[in-house]
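To keep things clear, I will list the structure first and then write my remarks on it.
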Amino acid sequence: AVCYFNPTPCKDPPDKLFTVHGLWPSNLNGPHPENCTNATVNSQRITNIQAQLKIIWPNVLDRTNHVGFWNKQWIKHGSCGNPPIMNDTHYFQTVINMYITQKQNVSGILSKAKIEPVGGKRPLVDIENAIRKSINNKKPKFKCQMKNKVT
């Protein structure tokens, strides 16, 4: 979705995976918290997980600046997750863990349902049913962004 509504051409992942766009803390009531600290990513601490992050959470707008993209995500969203997110390394490791576990690997779940990220449109109900099937029939929450409108 970020590629569809962005004037900058995206660079699709070569292996055509559904990728992570973000991990945001939320409030039960009210807006999502943002920019809770100005602490930047310590790129040395995430060196050993950067290869995984490039695959599952790439900067699709600029493939030469993944760390800059992750830094923006950390400052805007991840820094607001304390507790339980302890620091930048824990934030990114949480994303990796969520992505690769059976119940939250959206690429794997949708691929099993023959829903692939190769363009075209799919009914939301098909996506919802595929996800429900893998998470004990719980209803997933979807957020769609079109231009400046979020539904």
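The values are calculated or read from the model by the stated rules, or taken from the named source; none is laboratory data. Since the structure is predicted, the reported quantities are computational estimates derived from the model, not experimental observations. Backbone-built Cβ (ideal geometry, glycine too); neighbour counts: all protein chains shown.
At a glance:
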item: Any hit, segment 54-69, residues being of a type in the set (S, T, N, Q), under 30 Å from GLU128 (Cα atoms) and at pLDDT below 90; result: yes
item: Qualifying residues in segment 25-41 (those that are among the polar types (S, T, N, Q) and within 20 Å of the chain's Cα centre (by Cα)) - the one modelled with the lowest pLDDT; result: ASN27
item: When residues of segment 103-136 are limited to those that are modelled with pLDDT under 85 and loosely packed, with under 10 Cβ neighbours inside 10 Å, the one nearest to LEU17 (Cα to Cα); result: VAL118
item: Test result for GLY120, in a loop (DSSP other than H, G, I, E, B), small (Gly, Ala, Ser), over 14 Å from the mean Cα position of the chain (by Cα) and not assigned by TED's automatic domain parsing to the domain that holds ALA51; result: yes
